[in-house]
Amino acid sequence: MPNLVKSINLTQDDKEALESILRQSTVEARTYIRAKILLLKSENNSNEYIADKLDVCISVVRLCIEKYNAGGIESALHDKRGRGRKAEITDSDITWVINKACQKPKDFGYSAELWYPASFTRFINSIAEQEGHPRMVTVAETTLRKILANAKIRPFKVSYYCEKRDPDFDSKMHDVLVIYKQVSLQFDESGNLKPFEGVPVHTLSYDEKPGMQALDTTAEDKPPVPDTDKNSTIYRDYEYVRLSTLSLLAAIDLLTGEAIPLVSDTHKSSDFVRFLKMLNTKYPQGDKIRLILDNHSAHTSQETQEYLNTVPGRFEFVFTPTHGSWLNMVEGFFSKMTRQMLNGLRVSGKEELEKRIYKYFDEINEVPIPYHWSYRLDDIDMEKEDLSQIIYEVVNHKAAKEADKDKRAPKLRTRKKHRQSGIQQA
C-alpha cells in the first residue's frame, strides 16, 4: 500500500503532551511507541522509516496514524474499552471449578490429601468434557489459580485450629479471666505489688513441657570465621545422637514473676505431687496457693487428691478449658524458653540438659518480670463475680474426704469413640 499520508499536523499542545509522555519513567511501552510514531510522522517521515527506526511492524505505524486522523491524539494513544477476545469461561464453569476445589482428592479416588496446582489442573482437564464444561478441557493452570484467588480459597494449603470440644469453654475461660483480673488489681498504677488484704493468695500459672530431647553432636561445632565469605555462622555437622528425654514441670508466679522449675524423667501424678510439695515448702504456711492449670489426668488423679487431703485449704485449682492452653500464661514462658535456650541445644547427656535447664531458670530469676494478661479483662466486673463459684477445691471427687464431697470438682472428661463401619466381605 502506498504511503498516502506524508505528514500529520500536531498542535503545539499536542507536541508538548507527547513529549511529556516520552519523559515519563513508568509509561506503558505501547503508549510510548505510539507517542513516538506521532512525533516522527509530524516531522514528515515515511511509515517505513518510522517502523524501521522504532523496530515495529509497519502496520502498527499505519494503525496509529489512522486512529489519530479519526479521533485525535487520545484515540491514537489509547485503545477503546471492550477490545480483545471475549471471555469464554462462564460463571457456571467458575462455580464448577470452585466446587471441585473445595473437595479433597481422596473424595475422587486419588491417594493425595491436598490438591496441588498441577494435579488440580490435570483433574479439571480430565473430567470437564463429561461433566458438561468443554471449555475447561484446555484451561491453563494460571487461569485456575486466578479463579481460586478471586474466590479467596487456597485448597493447596492447610491452616490449623483448635476445635472447641469443651461445651463449657466460654464459662471456663471466663473463670480464668476473673483470676487474671484479680491478679491485675493486686498491682498499683506504678506496677508495684500492693500488700495482701486478708489471707495472702499466691497465683501461679502451671504446666508441663514433656519430651525435651537431649541431643548430642557427632563432631565439634566450628565457630564463625570473621571477614570471610563462608563460615559466617556456627558450623555444625547435620548428624546428631538422641540420648534421652526429660520433662519439665514449671510455674510462674504471676505476682512476682519468679519461674519455678522441676525437671523429671516423667510427668506422672507422682511428679505433680512432688511439685506441689515443693510449692508447699516454698510459700509461708497459712497462705493460699492458687494454680491455673490444664486438664491433664495427673492434675485430677486419686494420688493428687490424696496429697491435697493432707494439706486442706492450702491449694486452689482453676482449670483452663479443654484445648484452651493458650489461656495459660506459662505457655508464653515456654515459647520464650524454646527460642532463647532449647533451639539448637546440644548436650553430652540428660544430666547436662537438666543442669542447663536449671541454669536458665536461675538466669531468668535474677531479674524476674511479672506476666500481665490484657485480653478481654475490661469485660470483667469484679463486683459481679463470686470467686467461690470459680475455685476448684476438690480435684478427684471419688478420693476426696467425706467433708469435701459437696465441694466443687471438675467434670470427668470422656473421649468420643470413633465408630468403625463394618467391612462387608464377599
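Odds and ends about this structure:
- Sites listed here are chymotrypsin sites (Phe, Trp or Tyr not before Pro) in region 145-232 whose DSSP assignment is loop and whose Cβ has at most 10 other Cβ atoms within 10 Å: Y160, Y161.
- Multiplying each eigenvalue of the alpha-carbon gyration tensor of the chain by 5 and taking the square root yields semi-axes of 70, 31, 27 Å, largest first, rounded to whole angstroms.
- Farthest toward positive dipole pole in the chain [+1 Lys/Arg, -1 Asp/Glu at C-beta], among T310, I94, T31: I94
- Along the chain, counting only trypsin sites (Lys or Arg not before Pro) with a DSSP assignment other than H, G, I, E or B and at most 10 other Cβ atoms inside a 10 Å radius, the longest segment between sites is 231-414.
- For Q305, the shell of other residues with beta-carbons less than 10 Å away shows a net charge of -1, using +1 for Lys and Arg and -1 for Asp and Glu.
- Area projected by the alpha carbon convex hull of region 272-353, averaged over all directions, nm²: 7.3
- Span-like helix criteria (full DSSP H runs; alpha carbon extent of at least 30 Å along the helix axis; mean Kyte-Doolittle hydropathy of at least 0.5) are satisfied in the chain by no helix.
- Given charges at beta-carbon only (K, R positive; D, E negative), |dipole| of the chain in Debye: 1720
- Within a Gaussian network of the chain (alpha carbon springs, distance under 10 Å), most fluctuating of N125, N192, N295: N125
- Spread over its residues, the convex hull of the C-alpha atoms of region 210-367 is 148 Å³ per residue.
- Per DSSP, loop GluC sites (Glu not before Pro) in region 165-251 with at most 16 further Cβ within 10 Å: E189, E197, E220, E239
- Kirkwood hydrodynamic radius of region 138-255, Cα pairs, Å: 22.0
- Sites listed here are GluC sites (Glu not before Pro) in region 348-404 whose DSSP assignment is loop and whose Cβ has at most 16 other Cβ atoms within 10 Å: E393.
- The eigenvalues of the Cα gyration tensor, multiplied by 5 and square-rooted, give region 366-407 an equivalent ellipsoid with semi-axes of 31, 19, 8 Å from largest to smallest.
- For region 238-289, the alpha-carbon radius of gyration amounts to 1.50 times the rule-of-thumb value 2.2 N^0.38 Å expected for a compact globular protein.
- If you take the alpha carbon atoms of region 74-197 and fit the smallest convex hull around them, that volume is 278 Å³ per residue.
- Global size of region 216-255 as Cα Rg and Dmax, reported in angstrom: 17.6, 49
- Portion, in percent, of the accessible area of the chain that falls on carbon or sulfur, probe 1.4 Å: 49
The values are calculated or read from the model by the stated rules, or taken from the named source; none is laboratory data. Not measured: the values here are computed from a predicted model. Note: ideal-geometry Cβ built from the backbone for every residue, glycine included; neighbour counts use all protein chains shown. These area figures cover heavy atoms from the full protein model, side chains too; ligands, DNA and RNA do not enter into them. Shrake-Rupley method; radii C 1.70, N 1.55, O 1.52, S 1.80 Å.
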